[in-house]
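All of the numbers you see were taken from the coordinates with simple rules; none came from a lab. In this text the structure is predicted, and so the values were computed from the model without any measurement. Glycine also receives a Cβ, built like all others from the backbone with ideal geometry; neighbour counts cover every protein chain displayed.
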Amino acid sequence: MAHFPGARWYAADVRRPTIAIAGAGSLGKALATSLSAAGYRIREIFSRPAKGSRQRARALARKLRASALVIGKDPCHADILWLCVPDREIRNCAELFARVDGWAKRVVLHSSGALTSDELSALRKCGASVASVHPLMTFVPGEIPSLARVPFAIEGDRMATKSARQIARRLGGEPFLIGKRDKGAYHAWGAFASPLLTALLVTTEQVAGAARIPRASTRRMMLPILRQTLANYAKHGPAKGFSGPLIRGDAATVAKHLGVLRRIPLARDVYRALARSAVRNLAVKNRAQLLKILT
């Protein structure tokens, strides 16, 4: 089993370490592709023994000229093992890899935003240096997002975090260290920034339906205001990028919205929660009356 000589390559950068990816889903595929483009050799793609998992691993391995192997069956020969499996599988996956000797002075990473490096304790006990490395980015099937300027939250052992920071920089990302106790809140932040934002947009489509906007046109019609809202937020921040009846203190319009939304109770709940947040956190007029209506 191949090893790299301690941490000497970090300073001299004589060669980049080889990397094995465990998991060929959306995250694993995107990371492996990006790492390969950044000059890293992807040596192995590991998968579960299930047929579908093995097929995805083989397809990705062919693309990257790597070997397609099975977790718990085949040994890992790469310098760095990066687990890109679902959170619920990380600990078990680490235990399967730990059955094979030779982990001393090697690096193992996982990509959970919510879980800490302790999920890899089985490999840490075998001498590996371990860390959690989470890119604050959304990964969906068929998309390989740019990792340029993407924050990478890193937590774990010294050698592994040093390795992870260098890899993140080579990918164009912005690595930063995070404490174990802060990972839950960090991941909730990410949830608000992407999946819950998507959930809000789905709710927005339902409200458009109540206005008799054709479903096929809703998404296309929303895009201009969505793009400008994000542009305003990015350029001016939340206070100066905020508009609408709440900032004007237009309680009558807010009351009208709530009345109409009685037909869509879930959307009404979402509206009230977001509006209360806006009234409490942004500079709105007529705050007392707005809170009374929203409560």
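Charges were assigned to the Cβ only: +1 to each Lys and Arg, -1 to each Asp and Glu. The resulting dipole of the stretch 8-181 about its Cα centre is roughly 440 debye.
Here the Karplus curve 6.51 cos²θ - 1.76 cosθ + 1.60, taken at θ = phi - 60°, turns the phi angles of the stretch 145-151 into couplings of x, 5, 9, 4, 6, 7, x Hz, with x standing for Gly and Pro. For Glu174, the residues whose modelled amide H falls within less than 5 Å of its own, excluding neighbours fewer than 5 places apart on the same chain, are Arg149, Val150, Phe152. Relative to the longest principal axis of the Cα atoms of the chain, the long axis of helix 195-210 makes an angle of roughly 30 degrees. Between Ala59 and Asn92, the distance separating the two model label sites (each 7 Å from Cα on the Cα→Cβ line) works out to 2.4 nm. Remark on Val107: its backbone amide H falls under 5 Å from those of Leu81, Ser129, a criterion applied only to residues 5 or more positions apart or on other chains, H modelled at 1.01 Å from N.
Placing a label point 7 Å from the Cα of Leu201 along the Cα-to-Cβ direction, the residues of the stretch 222-249 whose backbone N falls under 18 Å from that point are 222-234. Taking the longest Cα principal axis of the chain as reference, the axis of helix 215-240 is set at about 80 degrees. Normalising the average separation of contacting C-alpha pairs (under 8 angstrom, six or more residues apart) by the number of residues puts the relative contact order of the chain at 12 percent. Nearest 10 degrees, 0 to 90: what angle lies between the long axis of helix 183-193 and the longest principal axis of the chain (Cα atoms)? So the inclination is approximately 50 degrees. Cross-link check: pairs Lys183/Lys285; Lys105/Lys180; Lys73/Lys105; Lys73/Lys125; Lys180/Lys240 evaluated at a Cα-Cα cut-off of 30 Å; pairs beyond the cut-off: Lys183/Lys285; Lys180/Lys240.
Given (1) 55, 40, 40; (2) 71, 37, 30; (3) 46, 43, 37, which label gives Cα extents along the principal axes in Å as computed from the coordinates? Read-out from the structure maps to (2). With the simple model of a label 7 Å out from the Cα in the direction of the Cβ, Ala114 to Arg212 spans 4.3 nm. Distance distribution note for the stretch 213-293: the fraction of Cα pairs above 22 angstrom is 35%.
Return the percentage of antiparallel bridges among DSSP beta bridges fully within the chain, rounded to the nearest 5 %.
Values: 5 of 29 bridges.
DSSP beta bridges in the chain are roughly 15 percent antiparallel.
Looking only at the stretch 103-252, where both bridge partners belong to it, what percent of the DSSP beta bridges are antiparallel (to the nearest 5)? Can you show the working numbers first?
Working: 5 of 13 bridges.
Expressed as a percentage, antiparallel bridges in the stretch 103-252 total about 40.
If you find the alpha carbon centre of the stretch 27-41 and of the stretch 99-152, how far apart are they in angstrom? About 14 Å separates the Cα centre of the stretch 27-41 from the one of the stretch 99-152.
Can you figure out the FRET efficiency of Lys51 with Asp101, using R₀ = 30 Å and their beta-carbon distance, to the nearest 0.05?
Working: r = 29 Å, r/R0 = 0.98.
After rounding, the FRET efficiency stands at 0.55.
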